[in-house]
Amino acid sequence: MISHLRSFLTASVALAALLPAAPIAAQTVAAVNEAEEIIVSARRRDERLIDVPVAVSAYSQVDLEKLQAIDLAGLQGTAPNLNIVQGRGSATSANIFIRGIGQPDALQTFDPAVGVYVDGVYLSRIQGALLSLGDVERIEVLRGPQGTLYGKNTIGGAVSIVSRKPDFNNVSANASALYGSFNQILLNGYVSAPLVADKLALSVAAQWDKRDGLVTDPLTDRRYNDRDSLTARAILRAKPSDRLELILSGDYTRQRNALTLGYATAPLIQTDFALGAQTLVPANPYGEYDFQASTSFTGDEGQRLDHWGLSLTANYDLSDTLTLTSITAYRKLSPDFFIDIDASEAELGDVFVGVRQEQFSQELQLKWNTDRFSGVFGLYYLDETIRSNQEAYADDLFAFFGGPITFTRLIDDRQKTRSYAAFGQATYDFTEKLSITAGLRYTRDDRTYTRFTTTLSSLGLLNGLDFSFPDDLPAPLNADDTATFDAWTPTVTLSFKPTPDTLLYASAARGFKSGGFNGRANSLNDLTLVVDGTPQLVTRFEPEKVWTYEAGAKGSFLDGRVRLAANAFYSDYTDFQARVGGGTVGSTGVFPVINAGKLRIWGLEAEATVRPTDNWNVRASMGYLDAKYREFNDGRRVPPQSFSCNPTGNAIACQPAFAPPLTLTLGSDYTVPLGDFGRLTFGGDGRFVDAHFLSVDNRANLRESGYWVANAYVQLDSNAGWYLRGGVKNLTDTLYRTDGQEFSSVGNIQTVYFGDPRTWNATVGFRF
């Protein structure tokens, strides 16, 4: 019937009239005056950024172009305490952490800790969420728990993408063609036109992005880690009456990539039942990483993804102060990924993961705005079904006197989720300066999970686990394939405006992330945990919870030439969900997924934009993060194993993954007027991400030691509407790690993934 949806399209890459790296700007088109007001909709209504008592960073389309951001990964390090990387072994997954809270496992049975929303539509899985950014009006990054304003709640924060809507009265279009390193070709196109003046308008956007692989296999000369995607979106906007607006949106993304290879940082080990452990591949097999890696896959195994959706948004003005909004959406996600987890010619951790996911969501919002009292009340429903077919190939994992033992694991699982929520938030202005905001949300998730896994070997059937037929299993598994998780999550904020252009605020908010089932269980050993000294079978993990307390200030000074924002926060984070340990029972690796610990997280955040002259802009951001475990439990096996990350049991000071203590961004651009011809702009930015671990299990070789990345561009804009642009990303060719795979209990797999090397690009385009 209908649906409103997600901004997945046309990328960004050539344009501008300014640059930077840090956030904070929400203009819309070509030449942008940094002194213009920044408007965001973080609280479900359009407000000046400096009036919003929330830690939020905003990026306009121009900002994204200045960052040379093609997809969401281009925002990495540009907002305080924001860590966005391409998900491990996948060209399309978005691994997002905010303030040290994220999803450390790419498994589909974990909910994202940071939600991605496109025009109000929540994307349930990280697969396919590394969105293209072509026809985006703005992106808002909200830090801290979200739930009293958004249909689907998230515990760590939200990335809200707002797409550009067609205009009822004006025709606009733009197109660009980019050519760059590794034979990259990026084509973008967008057109918006009224069909019936003041009543009906249509926009269509498309992007094609293709690039040769960055990684070469020295054994075969084949290339991997390429780009090959096609995206398209159309938006039909109608205004049947002065009170009613309808927005129908449809999008499609198609990706056809080769493998995404990492690099083996530890010796890869084979278990020979007669001779003992044998090293198959040494650590760092090709020396210092130089974008060389190998794989045991020899055919055309790669990564395919089809992702599409429809949505319908209806806004109806019941009166001058009341608006009713309905967002109805349907999405379908179909990725088929081959992943070489061990990143070597050995067949130790080679997998195929095929996922079929469908989601239907319905959200209703009643918004009101009076002189002193404003807010939103909403109802939300999500119905999601996700199925996966997984195959693991490990013919080199075991041997007997050097003779191979075949090993193949087959997994089929299905998860059904129905999520219900009622939420509301209201602001009351005691005076023109003093306001209080309070909100409350109730969430209930009903979840059913079935799983069948079989391991086949030349030694025969090794083991299996079947949640589909629970009567064959001992208690509590025989009645534990269905669970309900619910929570009340309040928020309260007190804000004070000393002047119209300054704001002080303090807030407290509770966040919640639903529980689930162990989607890595392959035998009962994976479910055997020690609880109060007694072995127990546990199939599921409980919800995560966090209380976050925050105080901040914002201000605009010197007629908008200086904008400042700063805040401090403290989070009490409990029941952290993770796959931990990774020990063995006998010769078989085990994968416990549990509520692993409690964390204490506090930090400082600051952003600034300065316009010293009409032609010069400077932006900066800083995030400081102090994240520590107060408790860490690894669900030890029986008999007890020794784990590297267990400060509670072994007094080892373990650090949370993906929580760099410091993130910095500094960007600037300068425009030289060229009279009647146009203008010439020089811009650049530098981003620093501090040292941090890339896995829950703190392995020294799964750690990034901290890095700077610098980018630069020059752009010529003509007054006739065309432009030329040249850019360089990673100017100093910095080698840095972005993600890791830790399966040390399976052949000692410890694989890291790296960011792109230095690349250049040249773009020609036009807009009118």
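The values are calculated or read from the model by the stated rules, or taken from the named source; none is laboratory data. The model shown is predicted, which means the values in this text are computed figures rather than measured ones. Cβ placement follows ideal geometry from the backbone for every residue including glycine, while neighbour counts extend to all protein chains displayed. Calculation scope for accessible area: heavy atoms of the full protein, side chains included, ligands and nucleic acids excluded. Shrake-Rupley method; radii C 1.70, N 1.55, O 1.52, S 1.80 Å.
R0 = 35 Å: FRET efficiency of D320 with Y420, Cβ-based, nearest 0.05? Result of the calculation: an efficiency of 0.65.
Surface analysis of the chain yields an accessible area of 35 Å² per residue, using protein heavy atoms and a 1.4 Å probe.
Each Lys and Arg adds +1 at its Cβ and each Asp and Glu adds -1 at its Cβ; summed about the Cα centre, the chain shows a dipole of about 1260 debye. Step through the table entries K152/K628; K165/K199; K152/K416; K199/K367; K545/K628; K66/K729, compare each Cα-Cα distance with 19 Å, and write down the pairs that go over it. Among K152/K628; K165/K199; K152/K416; K199/K367; K545/K628; K66/K729, the Cα-Cα distance tops 19 Å for K152/K628; K199/K367. Say R0 is 51 Å: what FRET efficiency, to the nearest 0.05, do W722 and A700 get from their beta-carbon distance? The formula returns an efficiency of 0.50 here. Residues in the stretch 403-412 carry Karplus couplings, in order, of x, x, 10, 5, 8, 9, 10, 10, 9, 10 Hz; the curve used is 6.51 cos²θ - 1.76 cosθ + 1.60 with θ = phi - 60°, and Gly or Pro positions show x. In a simple Cβ point-charge model (Lys, Arg +1; Asp, Glu -1; nothing else charged), the stretch 715-765 has a dipole of about 140 debye relative to its Cα centre. Remark: the stretch 67-78, residue by residue, has Karplus-estimated 3J(HN,Hα) of 7, 6, 8, 8, 9, 4, 4, x, 8, 3, x, 9 Hz, where x stands for each Gly or Pro and the curve is 6.51 cos²θ - 1.76 cosθ + 1.60 at θ = phi - 60°. Along the stretch 184-196 the Karplus relation, 6.51 cos²θ - 1.76 cosθ + 1.60 evaluated at θ = phi - 60°, assigns HN-Hα couplings of 6, 10, 10, 10, 10, x, 8, 9, 10, 8, x, 9, 9 Hz to successive residues, with x for each Gly and Pro.
Under 5 Å from the amide H of D395 lie the amide H atoms of F407, each residue being 5 or more positions distant or on a separate chain, with H modelled from the backbone and absent for Pro and chain starts. Rounded to the nearest 20 debye, the dipole magnitude of the stretch 149-272 is 440 debye, with +1 charges on Lys and Arg beta carbons, -1 on Asp and Glu beta carbons, and the Cα centre as origin.
In Å, the Kirkwood hydrodynamic radius of the stretch 92-165 over pairs of distinct alpha carbons?
Result for the stretch 92-165 stands at 12.4 Å.
Look at the dipole of the chain built from charges on Cβ: of A277, L537, G144, the Cα furthest out on the positive end belongs to G144. Backbone amide hydrogens, once placed in the peptide plane, bring G678 within less than 5 Å of N719, excluding anything fewer than 5 places away on its chain.
Rounded if a/c is under 1.5, else prolate if a/b is larger than b/c, else oblate: which is the stretch 268-426, with a ≥ b ≥ c the root eigenvalues of its Cα gyration tensor? Because a/c hits 1.5 or more and a/b exceeds b/c, the stretch 268-426 counts as prolate. Estimated at the nearest 10 Å², the accessible area of D290 is 110 Å² with a 1.4 Å probe. Hand me the trypsin sites (Lys or Arg not before Pro) from the stretch 341-420 located in a DSSP loop with no more than 16 other Cβ atoms within 10 Å, in residue order please. Here the sparse-neighbourhood loop sites are R372. Per-atom-type breakdown for the chain gives carbon and sulfur 58% of the accessible area (1.4 Å probe, protein chains only). Packing, taken as the mean count of other beta carbons within 10 Å per residue, orders the peptides 252-264, 53-65 from highest to lowest as 53-65, 252-264. Remark on the chain: hydrodynamic radius 26.8 angstrom, per the Kirkwood mean of 1/r across alpha carbon pairs.
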